[in-house]
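One structure is given here, and the rest of the page talks about it.
The values are calculated or read from the model by the stated rules, or taken from the named source; none is laboratory data. Being a predicted model, the structure only gives us computed values, none of them experimental. All Cβ positions, glycine included, derive from the backbone under ideal geometry; neighbour counts span all protein chains shown.
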Amino acid sequence: MPTNPLHDALFRPHANSVRTFLILKDGREISHREFHAMAARIGHALSAAGVGPGDRVALQAKKSPEALAVYAACVGIGAVFLPLNTAYTPSELDYFVGDSAAKVLICDGGSETQLRPLAERHGVTLFTLNGDGSGTLVDEARAMPDAMDIAPRAASDLAALLYTSGTTGRSKGAMLTQDNLLSNAKALAGSWRFTDADVLLHALPIFHTHGLFVATNVMLLAGGSMIFLPGLDVDDLIANMPRATTMMGVPTFYTRLLGDIRLTADLVRHMRLFVSGSAPLLAETHAEFERRTGKRILERYGMTETNMNISNPYEGERRAGTVGLPLPGVEARVADPETGGTVPQGGIGVIEVRGRNVFAGYWNLPEKTREEFRADGFFITGDLGTVDADGYFTIVGRAKDLIISGGYNIYPKEIEMLLDELPGVEESAVVGVAHPDLGEGVVAVLTAKKGVSLDGEALLAGIRDRLARFKQPRHVAIVDELPRNTMGKVQKNQLRERFKGVFA
Ligand code: MCA
Ligand code: AMP
């Protein structure tokens, strides 16, 4: 029988299981078997629209079982799943659809009119999928069979294309193979002891690695269930906590929970695991969570390009402020950023990783891909860190100019390029500074052309329709000049220092 490794491991085993897979906010439950049938029908609808193995299927839709089933359908029919942040504007979407040459775009019904011209321009078939599971995709799928013809796939075939912004301001599609996803799901499910008895509290978005692959693939592999919430709402987390055994979140999940007096040791008594990642978890958040609940958060470290690399241990010491030890099958080292040479133990360098988890390269960018790998196959993450004598890694900074706000990556260059084009702006520098809720908040620092008086609010209005809301600066400062070093390079450290208190 031809094989499709990801389908065979994550979906096929549950085809006839009546156990619960998804528990929705309204209490409705969807079994593994029902989910499987939903994915099969959607798979048929996509095939009928001309989607074949290797074709890209782009999805920008609200979180719903059907949206997750599009992922399962793509795996089954061998298509490449391309999930997109729901905050992206049509002009951002235009780039992703064009660059990926997607065959199908699935969007929320509310965006259909706006996206129709874009779809026509790129020759993609447009379907709608709403948060309540209605829409033209499901209309097409309704009469389709409940079983899919599974496309044979090799472990090295692509399963997903996830766009990550770049330091050049241009997004790159990270090509993730079946084996990248499957090997990582196995490493995580094993390391974190997931079983079919687990119930995961799932309040993350499903268009990024964290909510999609780390959470969902692990639960599918283990055969457990997920309380599938539309987003982060502390009331919902607290109401559903008693039914759950585990939760995965970005640090904002933990700081918001700590801000609620209902978070007590009693509430989380039966929870066996809290995982944090995507952004630095402050050691004090870790300590405060333990003080309040008696539970030690397990922090781990990953990237879209590499899936998960390093994790604190399930058994053994979870060290606050560190990201732990390399996962099984992952090699990690700290290297000199310039030369790639070894850094003595305890020294700071760039974290580099190698293993089956590491992606196949950037879509249509062989040159860029080569630049990010060392000759011996290690991927250069751009994160700065150290490793201690026990092998625990600590992330101390970033060699890349990146802001992480509430777990979303924001590349200053992309914003600076837009700001620099605005009338009256001489130049701009965008930095991230401490934000109590989001970890980092975006600050834009601008200088005006001679004789021009700039208005920060008006400037923001000028980029609103071209930049997802979460990337838009939350503070704008107009200065006489930007600080530069002797080489003429803008000194972002000085700007971070100067504006560090604006969100306090
Ligand atoms: C929402 N807003 C944000 C963010 N999220 N602004 C900055 N940063 C954000 N992250 C803005 C909205 O545009 C809106 O603006 C206002 O905040 C309220 O929006 P709402 O949707 O209600 O926000 P929220 O529900 O409070 O969401 C905050 C959040 C969310 C829970 C932190 O952003 C989130 O779920 N983040 C998780 C991201 C994630 O999954 N990252 C994993 C990437 P206005 O009111 O002005 O219109 S994968 C990764 O990093 C690697 C692989 C890894 O290691 O995991
Ligand atoms: P993304 O490109 O969205 O996959 O984001 C990956 C980046 O998130 C990494 O390169 C890190 O900078 C950051 N990141 C992920 N997990 C952690 C963590 N536990 N601590 C600090 N930074 C993290």
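For the stretch 224-236, the condition holds for at least one residue, the condition being that it is of a type in the set (A, V, I, L, M) and either modelled with pLDDT under 95 or more than 15 Å from ligand 1 (Cβ to nearest atom) (or both).
Report whether or not Glu112 is under 23 Å from Phe11 (Cα atoms), surrounded by fewer than 20 Cβ atoms within 10 Å (Cβ to Cβ) and in contact with a strand residue (DSSP E or B) (Cβ under 8 Å, 6 or more places away or on another chain). Criteria not met by Glu112. Note on the stretch 380-405: residues that are of a type in the set (S, T, N, Q), closer than 17 Å to Gly340 by Cα and within 16 Å of ligand 1 (Cβ to nearest atom) amount to 1. The residues on offer are Arg370, Arg354, and the sole one that is surrounded by fewer than 21 Cβ atoms within 10 Å (Cβ to Cβ), without any contact (Cβ under 8 Å) to a residue 40 or more places away in the chain, among the basic types (Lys, Arg) and outside any strand (DSSP E or B) is Arg370.
On the given criteria, is Met247 buried (at least 24 other Cβ atoms within 10 Å of the Cβ), touching a Leu at 6+ places or on another chain (Cβ under 7 Å) and either at pLDDT 95 or above or more than 18 Å from Ser405 (Cα to Cα) (or both)? Criteria met by Met247. Note on the stretch 270-321: enclosed strands (runs of 3 or more DSSP E) holding 2 or more residues that are within 10 Å of ligand 2 (Cβ to nearest atom) and among the polar types (S, T, N, Q) are 307-311. Residues in the stretch 221-242 that are out of contact with any Leu (no Cβ under 8 Å at 6 or more places or on another chain), in contact (Cβ under 8 Å) with a residue 60 or more places away in the chain and either in a helix (DSSP H, G or I) or more than 11 Å from Leu204 (Cα to Cα) (or both): Gly223 alone. Just one residue in the set Tyr362, Tyr408 is of a type in the set (Phe, Trp, Tyr), closer than 19 Å to Ser165 by Cβ and within 13 Å of ligand 1 (Cβ to nearest atom); that residue is Tyr408.
Sub-6 Å Cβ pairs linking a first residue in the stretch 277-289 that is touching a residue at least 60 places away in the same chain (Cβ under 8 Å) to a second residue that is in a helix (DSSP H, G or I) and of a type outside the set (A, V, I, L, M, F, W, C), at least 6 apart or interchain, are Ser278/His210; Ala279/Pro251, ordered by first then second residue. The residues in the stretch 413-446 that are near ligand 1 (Cβ under 9 Å from one of its atoms) and surrounded by fewer than 19 Cβ atoms within 10 Å (Cβ to Cβ) can be counted, and the count is 1. For the stretch 447-462, state whether one or more residues are at pLDDT 95 or above, surrounded by 15 or more Cβ atoms within 10 Å (Cβ to Cβ), among the hydrophobic types (A, V, I, L, M, F, W, C) and within 16 Å of ligand 1 (Cβ to nearest atom). For the stretch 447-462, residues at pLDDT 95 or above, surrounded by 15 or more Cβ atoms within 10 Å (Cβ to Cβ), among the hydrophobic types (A, V, I, L, M, F, W, C) and within 16 Å of ligand 1 (Cβ to nearest atom): absent. Among residues of the stretch 322-338 being assigned to a loop (DSSP other than H, G, I, E, B) and more than 16 Å from ligand 1 (Cβ to nearest atom), the one that is surrounded by the most Cβ atoms within 10 Å (Cβ to Cβ) is Pro337.
Pairs, please: C-beta under 8 Å, at least 6 apart or cross-chain, first residue within 17 Å of Gly231 (Cβ to Cβ) and in the stretch 16-30, second modelled with pLDDT of 95 or more and among the charged types (D, E, K, R)? Listed by first residue and then by second, the contacts come to Leu22/Glu29; Ile23/Glu29; Ile23/Arg243; Lys25/Asp236.
Here Ile410, Ile380, Ile403, Ile395 are screened, and the one residue that is touching an Asp or Glu at 6+ places or on another chain (Cβ under 8 Å) and surrounded by 20 or more Cβ atoms within 10 Å (Cβ to Cβ) is Ile403. Do we have Leu402 as away from ligand 2 (no atom under 16 Å from the Cβ) and under 20 Å from Val476 (Cα atoms) here? For Leu402, the condition - away from ligand 2 (no atom under 16 Å from the Cβ) and under 20 Å from Val476 (Cα atoms) - is not met. Consider the stretch 187-217 and keep the residues that are free of Cβ contacts under 8 Å to residues at least 40 places away in the same chain and more than 16 Å from ligand 2 (Cβ to nearest atom). The one that is surrounded by the fewest Cβ atoms within 10 Å (Cβ to Cβ) is Thr195. Being more than 22 Å from Leu182 (Cα to Cα) and aliphatic (A, V, I, L, M) holds for only one residue in Leu59, Leu84, Leu105, Leu22, and it is Leu105. Is it the case that Ser311 is within 16 Å of ligand 1 (Cβ to nearest atom) and closer than 17 Å to Gly259 by Cβ? So Ser311 does not fit the description; no. Set side by side, the residues Gly391, Gly441 differ, and just one is more than 15 Å from ligand 2 (Cβ to nearest atom) and either without any contact (Cβ under 8 Å) to a residue 12 or more places away in the chain or at positive phi (or both), which is Gly391. Can you find a residue in the stretch 259-274 that is near ligand 1 (Cβ under 10 Å from one of its atoms), buried (at least 16 other Cβ atoms within 10 Å of the Cβ), closer than 24 Å to Ile404 by Cα and touching a residue at least 12 places away in the same chain (Cβ under 8 Å)? There is no residue in the stretch 259-274 that is near ligand 1 (Cβ under 10 Å from one of its atoms), buried (at least 16 other Cβ atoms within 10 Å of the Cβ), closer than 24 Å to Ile404 by Cα and touching a residue at least 12 places away in the same chain (Cβ under 8 Å).
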